[in-house]
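What follows draws every value from the coordinates through simple rules; no lab data is involved. Keep in mind it's a predicted model, so treat the numbers as computed, not measured. Because the Cβ atoms are built from the backbone with ideal geometry, glycine has one as well, and the counts that use them run over all protein chains shown.
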Amino acid sequence: MKDKAEFWLQLFLSAILPYLLGSGGIYLLVQFREQLPEHLYAIFLYIIYTVFVVVLIRLAFGNWLNKFYINIQKLLRHRAEKKIVHEWYEKWRDLCRLMQKVIKNNWQPTKKQNDAYSKLRFWFITNRSKFLPVWHGFNTWRSEAANEDKFNGTTSLKWRVFRENYKDPFSYFYEPFRLEDLGHILGLGYNKPDVGDMLIKLLELLHECTEWTSLKR
C-alpha cells in the first residue's frame, strides 16, 4: 500500500513539476530519487505534495480565507466590546448604589463601604483601557453626547464631569483614592440631588451604549 501511494505521488509530481519548474523539474526529481535513501525520498515526495496542495488552496481560496479571517476578527472584537460595556454598566450600577447609601449617611462611609469602593475603583482602573475606546466610539456616534451643550457655568458638576473629564467622565467618581476623598470633593461643592442625578445620567448613557454596541456590526 505504501509503495502504491509513493508511485502515485511520484506520477502526480512528474506531471505537475514541468509546469512549475520547467523541464528541470523532472531532472531534479530523478536526482533526488537516485541520491536519497528510499525512506527519505518518500518523505521528500510527501513534503513536495503537501506544499503544492497548500499553494493550490491558497491560490484558489486565498481571498475567501482572508475575508473569513477578517469576519472572525470582527466578530470576536464585537463580542469583547459588548462584554466590557455590559460589565462596566454593572459595576457602575454598583457604584451608584454605594454612593446613594453614603450620601444618605451624610458622606460618612463605613469600613465595609470603603472596602467596596476600593474594589470598584481597582476594577474601573484596570479595565478602562478596554472600555474607553468603545465609549469614545459611542460618543462620536451620538449627535449630542450627554447633552453637553447645557451647562450651569464652569463650576457646575456637569461641566466638571463632561468637560474637564471628557475622555473618561466616570473617572470623576472613581479616580479619588478613598471614598472619604470623593465625599470631601462632592460634599463640599455640590448638592446631594445634583450628585445623584449625575450618577444616574451616566448610568442612562451606559445603558444607551450597551444598546448601541449590541446593534453595531
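Can you find, among 162, 214, 98, the residue farthest towards the positive end of the dipole of the stretch 75-215? Put +1 on the C-beta of Lys and Arg, -1 on that of Asp and Glu.
Of the candidates, 98 comes out farthest on the positive side.
Taking the Cβ of each residue in 173, 131 as the centre, tally the other Cβ atoms inside 10 Å and list the residues starting with the fewest. Intermediate results must be reported in sequence, preceding the final value.
Values: 173 24, 131 20.
Starting with the residue having the fewest Cβ neighbours, the order is 131, 173.
Rank the residues 135, 212 as a footprinting-exposure proxy: fewest other Cβ atoms within 10 Å of their Cβ go first. Working shown, then result.
Details: 135 22, 212 16.
Ascending number of Cβ neighbours within 10 Å: 212, 135.
Using Cβ contacts closer than 10 Å as the measure, can you line up 160, 178 from fewest to most? It would help to have the intermediate numbers written out before the result.
Numbers: 160 19, 178 13.
With the fewest neighbours first, 160, 178 line up as 178, 160.
Mind checking the log10 I(q)/I(0) for the stretch 75-215 at q = 0.12, 0.19, 0.22 Å⁻¹? Debye, one equal scatterer per Cα, no solvent, two decimals.
Debye intensities relative to I(0), on a log10 scale: -0.48, -1.17, -1.48.
Would you mind counting up the charge near residue 191? Only other residues with Cβ under 13 Å from its Cβ, with Lys and Arg at +1 and Asp and Glu at -1.
Details: positive: 158, 192; negative: 194, 197.
Once all neighbours under 13 Å are counted, the net charge is 0.
Starting with the highest mean, order 77-84, 196-203 by the number of other Cβ atoms within 10 Å, averaged over the residues of each peptide. Write out the running numbers ahead of the final one.
On the way: 77-84: 14.4, 196-203: 17.4.
Descending mean neighbour count gives 196-203, 77-84.
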